[in-house]
Amino acid sequence: MKLIVGLGNPGKKYQATRHNIGWQVLALLANRHGQGRPQARFEGEVVQAQINRTKSLLLSPLTYMNASGNSVRPACDFYDLPHDDIIIVCDDVNLPLGTLRFRAKGSAGGQKGLKDILKQLGSQEIPRLRIGIGHPPPRWDTADYVLGKFTTDEQVVVHQSVEQASDAIADWVEHDTAFCMNKYNENCSDK
């Protein structure tokens, strides 16, 4: 079984914000591969899915971004999952808008939801798919930027990147992180 975690913040005011792009990817995966209605479990919303003949769990933590580990840790413990069967989908202000970047391990790179998950799981060796949301404009506070909504012009690129990320996660389920790094990290230095 695979655990696919999309990071975001609950509540209407955070819908469609840059920080919630992980939830957008999970919503598309649930639409494509979900089996049944979402359930409340592990302090999150869970959808059972079948992706490339592999049972998968789509988890959207409802703990708010900075406490995402409070949702992910119980799910990992319950299913006794090794770290390479887990992937975190999150936003990244250090990547250009729409860029996908897989990594098998490493630091949180300033993403506080990912940081909390790594801390609670006691390892930096957790696969992740970062989706670029672009840098904040000059004189913008980073928190205000990530909690803001995409502009009309950005929405076209975001829609394409969410589609591509959903396809990429299906590839990750079927193959592995190294395969996805080679296929999707074309514009990144750590390919």
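Every number in this text was worked out from the coordinates using simple rules, so none of it is lab data. These figures come from a predicted structure and were not determined experimentally. When we count neighbours, we look across all protein chains shown, and the Cβ atoms used for this are built from the backbone with ideal geometry, even at glycine.
The stretch 93-135: which trypsin sites (Lys or Arg not before Pro) are DSSP loop and have at most 14 other beta-carbon atoms within 10 angstrom? All intermediate terms of the calculation are to be shown ahead of the outcome.
Numbers: sites: ARG101, ARG103, LYS105, LYS112, LYS115, LYS119, ARG128, ARG130; in loops: LYS105.
Hits after loop and neighbour filter: LYS105.
Hey, with R₀ at 41 Å, roughly what FRET efficiency would ASN66 and ASN182 work out to, going by the Cβ-Cβ distance, to 0.05?
Computed FRET efficiency for ASN66 and ASN182: 0.80.
Show the residues, 5+ positions off or on another chain, whose built amide H is closer than 5 Å to the amide H of ILE51.
Result for ILE51 returns SER56.
How about the stretch 80-175: which GluC sites (Glu not before Pro) there are in a DSSP loop, with at most 15 other Cβ atoms within 10 Å of their Cβ?
GLU125
Just in the stretch 117-171: which chymotrypsin sites (Phe, Trp or Tyr not before Pro) are loop by DSSP and have at most 15 other Cβ atoms within 10 Å?
TRP140
Using alpha carbon centroids, what distance separates the stretch 1-51 and the stretch 141-191, in Å?
15
Can you list residues whose amide H is under 5 Å from ARG41's amide H, if they're 5+ apart or on another chain and H is modeled 1.01 Å from N?
Amide H neighbours of ARG41, under 5 Å, 5+ apart: VAL46.
Show that you can apply the helix-only estimate: for the chain, add -39,500 (n - 2.57) for every DSSP H stretch of four or more residues, divide by all residues, and state [θ] at 222 nm to the nearest 500. Write down the numbers at each step before the final one.
Numbers: 6 runs with 70 residues, N = 191.
That calculation yields -11500 deg cm²/dmol at 222 nm.
Full extension from ASN52 to ASP171: what is 0.36 nm times the residue separation minus their Cα-Cα distance, to one decimal in nm?
So the extension gain works out to 42.0 nm.
Compute the relative contact order of the stretch 2-184 as a whole-number percentage, counting only Cα pairs closer than 8 Å that sit 6 or more residues apart in sequence.
It rounds to 26 percent for the stretch 2-184.
Pairs to check: LYS12/LYS183; LYS12/LYS112; LYS115/LYS183; LYS13/LYS55. Give those whose C-alpha atoms are more than 28 Å from each other in this structure.
Long pairs (Cα-Cα over 28 Å): LYS12/LYS183; LYS13/LYS55.
Collect residues whose amide H, placed 1.01 Å from N in the peptide plane, falls under 5 Å from the amide H of LEU3; neighbours closer than 5 in sequence don't count.
Hits under the 5 Å cutoff: LEU57, ILE86, ILE87.
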